[in-house]
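Below is one structure; the comments refer to it alone.
Just so you know, all these numbers are worked out from the coordinates, no wet-lab data involved. Since we're looking at a predicted model, the values are computed, not measured. Quick reminder, even Gly has a Cβ in these numbers, built from the backbone with ideal geometry, and neighbours come from all protein chains shown.
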Amino acid sequence: MHADDWEAWLTAWNRQLLASYDPREYNAFVDSAVTAEVIASGWLDCPGANEQQLAAVEGRLGTPLPPSYRSFLQASNGFLQPGVIVPRLLGTDEVDWFRIAHQETIDAWTLGADASPAGLASGPDTFEHYLPSALQVSAVERVGTAVYLLNPMAVDGEGEWEAFYFAHWVPGVNRYASFRALMHAEREHWTARPPASRPQTNWETLRGIFRA
């Protein structure tokens with residue numbers, strides 16, 4: 001997916017999100033960056049990252065970014081998702097290894113598992129083994145722990161990293177072939193939500209999510 005493809009995709013996603021969002025009602029999933037000015041502008045994305053910004057984040061991380069994620073950043077250096085459980089995609093100045101801010105979470109999930117480099121190479125293909133090396137590319141759910149992660153330990157022939165939808169209420173993680181696949185799945189899941197016969201409270205929405 002090239003930056004131009006992402007621009008068209010994000011324009012449509014932007015339109016869907018804004019059409020369903022009512023700023024007059026409190027929504028626990030909405031990031032504080034979704035201000036009245038942002039809503040009035042009609043745009044939830046950011047200007048795309050330039051090559052200098054992309055080179056800077058790759059230099060800081062010590063690795064090239066996977067193609068579909070890099071091209072996403074070229075199209076939009078961050079993206080707001082009001083009403084989606086994961087509230088926003090991070091920009092190049094915020095993207096970092098999951099362990100930097102969430103080592104305690106990693107320790108809890110890897111308790112009793114061998115998370116050493118040798119274990120990663122020869123151990124079972126379970127997500128816990130990959131958390132210490134995962135890249136965090138989204139903000140964390142505002143009322144929980146849901147987050148998007150990329151796994152540099154599982155790379156396909158096109159250079160794409162495996163992607164995780166990680167949350168304490170998901171059995172394990174939801175695993176996707178790439179960042180692109182994760183984002184398409186998120187939008188499809190959100191779009192497929194059945195229309196409610198009446199407005200739902202946030203807690204009703206949460207209960208429905210957990211039941212699913």
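Go through segment 177-182 residue by residue and turn each phi into a ³J(HN,Hα) via Karplus (6.51, -1.76, 1.60, θ = phi - 60°); whole Hz please, and just put x for glycine and proline.
My calculation for segment 177-182 gives 5, 6, 4, 4, 4, 4 Hz in order.
Collect residues whose amide H, placed 1.01 Å from N in the peptide plane, falls under 5 Å from the amide H of Asp96; neighbours closer than 5 in sequence don't count.
Gln136
Residue-wise, which Karplus ³J(HN,Hα) couplings in Hz belong to segment 76-88, taking 6.51 cos²θ - 1.76 cosθ + 1.60, θ = phi - 60°, and x for glycine or proline?
8, 7, x, 7, 8, 10, x, x, 8, 4, 7, x, 6
Tally Lys/Arg at +1 and Asp/Glu at -1 over every other residue whose Cβ is under 10 Å from the Cβ of Phe29; what's the total?
Details: positive: Arg142; negative: Asp31, Glu141.
Net charge around Phe29: -1.
How would you rank 173-181, 94-102, highest first, on the average number of other Cβ atoms within 10 Å across their residues?
173-181, 94-102
In whole angstrom, how far apart do the alpha carbon centroids of segment 84-99 and segment 10-41 sit?
18
Under the Karplus relation 6.51 cos²θ - 1.76 cosθ + 1.60, θ = phi - 60°, what is the ordered set of whole-Hz ³J(HN,Hα) values for segment 125-133, x standing for Gly and Pro?
7, 10, 4, 4, 5, 9, 4, x, 10
Going by average Cβ density within 10 Å per residue, which order do the peptides 9-16, 79-86, 64-71 take, highest to lowest? All intermediate terms of the calculation are to be shown ahead of the outcome.
Details: 9-16: 15.6, 79-86: 22.4, 64-71: 20.4.
My ranking of the peptides, most packed first, is 79-86, 64-71, 9-16.
Between Glu7 and Trp169, what is the label-point separation in nm under the 7 Å Cα-to-beta-carbon projection?
3.8
Rounded, prolate or oblate: which fits segment 40-111 when a ≥ b ≥ c are the square roots of the eigenvalues of the alpha-carbon gyration tensor, with rounded for a/c under 1.5 and prolate only if a/b beats b/c? Before the final figure, lay out each step's value.
Numbers: a/c = 2.68, a/b = 1.26, b/c = 2.13.
It comes out oblate by the Cα gyration axes.
Within 13 Å, Cβ to Cβ, of Cys46, how many net charges do the neighbouring residues add up to if Lys/Arg are +1 and Asp/Glu are -1? Walk me through the numbers on the way to the answer.
On the way: positive: Arg88; negative: Glu7, Asp31, Asp45, Asp93, Glu94.
Residues close to Cys46 contribute a combined charge of -4.
Would you please calculate the Kirkwood hydrodynamic radius of segment 3-194 over all C-alpha pairs and express it in Å, rounded to one decimal? Mind showing how you got there, number by number?
Numbers: mean 1/r = 0.0577 Å⁻¹.
Computed over Cα pairs of segment 3-194, the Kirkwood hydrodynamic radius comes out at 17.3 Å.
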